[in-house]
Each structure stands twice: as structure tokens, then as C-alpha cells.
């Protein structure tokens, strides 16, 4: 209800300004002890060897710096994913770089991995008092040549390992030049081999095996889906996040900002993201779990992802249009579904 009142004011602002202001406003009552945990029905899920209070998580991108975890945790999420973080600080792409398409309940962004860098990111997380299920999404710096991208991912994995509940490897943002080349068969195999070997050493050092998740695009053909599934199996990757934003403009043709460069998210990519999720479920046959993201604006959309093969789901753009009430709605609908059809976990 409160968000419904605030939304017209936020939508009157530049989208990136509104995004930053929303996070600051969320933090303010926390500083004075006025923010309380949202009361949501329980819907526990065990996945990747982790106990999730419920299957509804926050997708990476909303809190890129890891500075707002405590406030976001009060919304009732079963898990929070922060980042994408890159080894060194970088500003991302020039502004404006975030655009609303209200008629389609969509966003276009070309943020470009704007990042505070690992040092500041880890300092932010050290200040957080919340210790729930935390995913950390990692990427490469824009000026790192694609042939040396694995060095950046390895540096991030080593640094975040001790703090993360799981680590998400982002090879699917359309906003870093050539990044999606890392989804291709040979490049992906080499990257995952490097990270899997490093993870074995880190598991020995820290005494625990932190799960790895691979975040992929919705714009994959059948051959790419099969190759990704094979690489995930071969290297023991625990999860695939399906999906990131889309380079397609299907469903938003002719709308203001539809032709802006960047990734499309929100309602128009729901079917495409769910189809990719289902294709991966068929290819993986339960050998890695799936986290469904893309176009969730109602509780029924979350259960649609579960029906397509997901064990967990993530929200982002839906929060912009629906606000925090979307979290409890999705949890409630997932809970109702679990009474009749419990999703597979791994």
C-alpha cells in the first residue's frame, strides 16, 4: 500500500536516481530501529545443501555494492543475491543507462557492471548484521580482455568465498562488450574448469564447499542450451540461473525507450525466460538445480517458474512495478503450490 502511494513520486524521477533514493529510504528507518521484518508465510526449501526459509530471492543488480543487505532482508526474501562485483572499481556505462517502459511493465538497462570493486564491496558486507542465505554475483572488469576474463572471475571467487552462501558466475549481461562470448562452448568450458579447480582448493582451505551457480541469457538456441548443460554437469556446477535480461525487443516494439541499447527485463521476457528455463531443465535432468528469473510480476508467475523446473525464483523488475508486496505474494503462492507438487531439489 505504501509503495503504491510512493510509486508516482519515484516514477517522476530519473530511473537510476529513483533506484538510489529507494535504497537510501529503505536504509533510513533501519538506522533508527523502525524497520521490521515482513511477516510472510514459511515455505522452506533445501537446495544446494542450503536451507532456504522460502524459495523467493532478490536477483543481483538491485544492490550492486552489497551496502543495503540489512534493509532488503527485512522484506522477507528467502535469499539475497548482491553484485555483480568486479575485481576493480569501475563506473559502468555513461548515463542515462536505465529506462522504464511502464506500458509493458519493463526496464531496459545498460548499466555495464558499475561496481565499487572487491575491497569496498567486502567492507560493505562486513558491516551487515544479517547472516541469511547470501548469493554473491561476480563478473569481469570492462577493460579486461575477454581472453583473460577467467583471471577476474577467479580473483572474485577467491575473495568472496568465505562470505558467500553461493557464488553466481555472470557470463550473460549484454552490457559488457563480448561478455556473452563466455557462454559459448569452448570459452565456457575453460572458465568453469578454472573456477571448479579453484573451488576445490578453496573448499580445502575453508573447510566447506560453496556452491556455484551460472547465470545465463534467455537468448539461447537449442545447441547453446545443450552445451551449457554439458559444461555444468562436467564441472559440478550446482545451479543455473535462468535468466538474465534479453537483447530481444519482442513485445515492446514502438514503445518509448524500446530501442535503447541494453538488456530488456520485466513482463515482456517472461515467456522467453521460462522457455529457456524449461529447456535447461530438460537438458540437465535434475543434475543441477535451476533458479528461475525473468518477468515475475505476480505470484502465479513465480509458480510458473517452479512448474517449468525451477527450485528457487528471483525478483527484480517486478519490485519496481509492484513493490515489496510482490515478495509476500510470491512466497504465499509458492507455499500453496508446494502442498500439492513439491519441486525437486539438489
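Key figures for this structure:
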quantity: Ascending count of other beta-carbon atoms within 10 Å, so fewest first, for 177, 233, 97, 270; calculated: 177, 233, 97, 270
quantity: Extension gain from residue 287 to residue 300, taking 0.36 nm per residue of separation minus the Cα-Cα distance; calculated: 2.1 nm
quantity: Cβ-based exposure ranking for 3, 161, in which fewest neighbours within 10 Å come first; calculated: 3, 161
quantity: CD proxy at 222 nm, helix term only [per DSSP H run n ≥ 4: -39500 (n - 2.57); per residue of the chain; nearest 500]; calculated: -12000 deg cm²/dmol
quantity: Global form of segment 128-214, assessed from the alpha-carbon gyration tensor, a/c cut-off 1.5; calculated: prolate
quantity: Residue 234-residue 5 FRET efficiency (beta carbon distance; Förster radius 41 Å; 0.05 resolution); calculated: 0.20
quantity: Alpha carbon centroid spacing (whole Å) that separates segment 191-222 from segment 298-315; calculated: 23
quantity: GNM flexibility winner over the chain from 162, 12, 227 (Cα, springs under 10 Å); calculated: 12
quantity: Candidates 64, 305, 336: whichever shows maximal mean-square fluctuation once the chain is modelled as a Gaussian network with Cα springs under 10 Å; calculated: 336
quantity: Contact order relative to length of the chain, as percent, for alpha carbon pairs under 8 angstrom and 6 or more apart; calculated: 18
quantity: Overall form of segment 302-341 per C-alpha gyration tensor (a/c, 1.5; a/b vs b/c); calculated: oblate
quantity: Tensor-based shape of segment 205-257 (alpha-carbon gyration tensor, a/c under 1.5 rounded, otherwise prolate or oblate); calculated: oblate
quantity: At R0 = 25 Å, FRET efficiency that the Cβ-Cβ distance of residue 17 and residue 131 yields, to 0.05; calculated: 0.20
quantity: Antiparallel content of DSSP bridges confined to segment 2-338, in %, to 5; calculated: 30
quantity: Candidates 137, 114, 178: whichever shows maximal mean-square fluctuation once the chain is modelled as a Gaussian network with Cα springs under 10 Å; calculated: 178
quantity: Virtual paramagnetic centre 7 Å along Cα→Cβ of residue 143, amide N under 12 Å, in segment 57-99; calculated: 88-92
quantity: Cα→Cβ-extended label distance, 7 Å offset, between residue 158 and residue 275, nm; calculated: 4.2
quantity: Equivalent ellipsoid semi-axes - Cα gyration tensor, the chain, angstrom; calculated: 27, 23, 22
quantity: Burial order of peptide ranges 248-254, 202-208 (average beta-carbon count within 10 Å, highest first); calculated: 248-254, 202-208
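Values quoted throughout were computed directly from the atomic coordinates according to the rules given, and no laboratory measurement underlies them. These numbers come from a predicted model, not from an experiment. All Cβ positions, glycine included, derive from the backbone under ideal geometry; neighbour counts span all protein chains shown.
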